[in-house]
1. Could you sort the peptides 356-364, 317-325 by per-residue average Cβ neighbour count (10 Å cutoff), highest mean leading?
2. In degrees from 0 to 90, rounded to the nearest 10, what is the angle of the helix 101-115 Cα long axis to the longest principal axis of the chain?
3. To the nearest 20 debye, what charge dipole does the chain have about its Cα centre, counting +1 at the Cβ of each Lys and Arg and -1 at the Cβ of each Asp and Glu?
4. How big is the charge dipole of the range 145-284 about its Cα centre, in debye rounded to the nearest 20, if each Lys and Arg gets +1 on its Cβ and each Asp and Glu gets -1 on its Cβ?
5. Per-residue ellipticity at 222 nm for the chain, helices alone: DSSP H runs ≥ 4 residues times -39500 (n - 2.57), over residue total, nearest 500 deg cm²/dmol?
6. If you take the charge dipole of the range 302-396 about its Cα centre, with +1 on Lys and Arg Cβ and -1 on Asp and Glu Cβ, which of LEU383, VAL362, SER323 is farthest toward its positive end?
7. Can you give the extra length, in nm with one decimal, that the chain gains between ARG215 and ALA152 once fully stretched, where that is 0.36 nm per residue apart less the Cα-Cα distance?
8. For the chain, give the share of DSSP beta bridges that are antiparallel, in percent and rounded to the nearest 5; count only bridges with both residues there.
Amino acid sequence: MRTTDVIVLGAGFVGVSAALQLQARGRSVALVDRLGAVAGETSLGNSGIVQTEAVFPYAFPRAPGEILNAALNRDPRAHIKYSALPSIAPFLWRYFLASSPAKRLASGRVMRGLVEYAASEHRAFAQAAGSGALLREGGWIKVFRTSRGRDAALADAEEARPYGVTFDVLSREQLLALEPHLSELALGGVHFMSPPTTSDPQALGKSYGDLFVERGGRLLKGDARSLSVSGAGWVVTTEEGPLPAREAVVALGPWSGELMRSLGLRLPFGVKRGYHMHYAPRGNAGLSRPVLDLEKGYLVTPMARGLRLTTGAEFARRDDPPSSAHLDRLEPFGREMFPLAERRDAEPWLGRRPCLPDMLPVIGPAPRLKGLWLDFGHQHWGLTLGPVSGRLLAEMMAGEPTLMNPAPFRAERFA
Ligand SMILES: Cc1cc2nc3c(=O)[nH]c(=O)nc-3n(C[C@H](O)[C@H](O)[C@H](O)COP(=O)(O)OP(=O)(O)OC[C@H]3O[C@@H](n4cnc5c(N)ncnc54)[C@H](O)[C@@H]3O)c2cc1C
C-alpha cells in the first residue's frame, strides 16, 4: 500500500491549489475527488473573474424595503425557492445577523489580507502550468442603467478605495469605446482594471491539475466519505485501494459540511446556487471582458463556448432539482443589454457557492481532529481565493510564517 504525506479531498480550485502549495513545500500529495478530475463542479461554471476588487462580502439586505422586495422575489439579483425556506431559514437568519454594517466592515478588513495576493498566486500557477494565455487582462465592468445605479456603483467602489481597490468611472462614451456592443440602456460603468479574468475556468483548473501531476502529485478517484482515522493519521479509500496519510485536507466546497458533521464538527453551512447559460453572439458583436448589469444582478462573460450569462444567488437546498426560474427572469434583461443570440446549452448549468454565514472561508486546523485541515466556504470568490487560500493553509501546515494572521478563518469562530 502506497502512502503519502497529505491527502487533499476535493479537486475544485480550492483543492487543486492547496495540493500545489503543499507540493511546493516538499510534501508528497494525493488529490482525491469523486470525479477523478479537476474542476468538474462549482469551479467549472463560474463567471471567470479573479476578483481582486472583492473586499466586502455580499451582504444580506438590511433595509426593510429591500428585504421585502427580496422576500417577494421582486429583486432579480436573487431568487428564493419558497418550499426550501423552512430548511434554509436558520442559515439565512445567521447570514442576516452577520451582515450588520460593523460585521461587514470587519469581514472586509480580513478579506483584503487574502485578496491582495489572489492575482499573483494565480499568475504564478498559470505561468508554471503554461496556461498564462487563459488569464486575460482588461479587468471587468459594472454597468449601471440609471443615475441611482450610478450612485450605488460609485459608493461601493469608493468604499473599497481605501483598501487599495482602483477603478475608473466611465461615461457612456467611454464605456462604448471599451464595449461597443452594449445597448442604449447602459448609462455608464465602473471599470475595475486590474482583476484578471479567464475565458475558460475549467481549462484553467485542469492546467493547474496537470501541473500538479507533472510535479509528481497523484490525482485519484475516491469518495471522501470513506475518510477515517488510521493510526497516527488518516485513510481514505480510492479506486487504487486504501490510501493512508499523516494529514488530510478537506476542500470539498459545498459538500464539506456533510463530511465535517460525520466527523463530529457541525458548521452552519449554506449554499447560494447559481446558473449559467451560453449564448451565441449576435452577428459579429461580442464582449472583450466580463460585464455586470448592476441593477439586475447578473454577469455576462466572454468565454470559449460563447457569451456566458451567470445568475446571482438562488436560495434553495443544495440538492433541490435545478429550476430555470431565475435564469428565465434574467434572460430578457440580458437580451436587452447584450448582443445575445440563441442559447448554446441544452439546459442551464447549476453550481453551488459554498457559504458560511459571515461569508468568510474556513482555513486552518480542524478543532480536536489531529492532522485534519480545512479549506472551504469560499462563497462567491472561490476561483479568486483558491490559490491564496492554499498558500495560507500550506504555510500553516508547514509551520512557516503566514502571509496574514489566519485566526479569523478558524472553524472555532462558530463554536
Ligand atoms: C454562477 C457562479 C458564478 C461564479 N463566479 C465566480 C467568479 O467570477 N469568481 C470567483 O472567484 N468565484 C466565482 N464563483 C464561485 C466559485 O466558483 C466557487 O467559490 C468555487 O468554485 C468553489 O471551489 P471549491 O473548490 O471550493 O468547490 P468545487 O469546485 O465544488 O470543488 C469541490 C470538489 O469536491 C468534490 N467532491 C464532492 N463530494 C465528494 C466526495 N464525497 N468525495 C470526493 N470528492 C467529492 C467535487 O467533485 C468537486 O470537484 C461563482 C460561482 C457560481 C455558481
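1. Details: 356-364: 24.7, 317-325: 13.8.
Order by mean packing, descending: 356-364, 317-325.
2. Between the helix axis and the principal axis of the chain, the angle is about 70 degrees.
3. 760 debye
4. Details: 16 positive and 16 negative charges, 89 e Å.
It comes to approximately 420 debye.
5. Details: 11 runs with 132 residues, N = 415.
Calculated from helices alone, the mean residue ellipticity at 222 nm is -10000 deg cm²/dmol.
6. Checked the options; the winner is VAL362.
7. Full-extension gain reported as 18.0 nm.
8. Once the DSSP bridges in the chain are tallied, antiparallel ones form about 70 percent.
FYI, it's all coordinate maths here, none of it is from the lab. Only a predicted model underlies this, so the values are computations on that prediction, with no experimental measurement involved. Glycine gets a Cβ as well: all are built from the backbone with ideal geometry, and neighbour counts include every protein chain shown.
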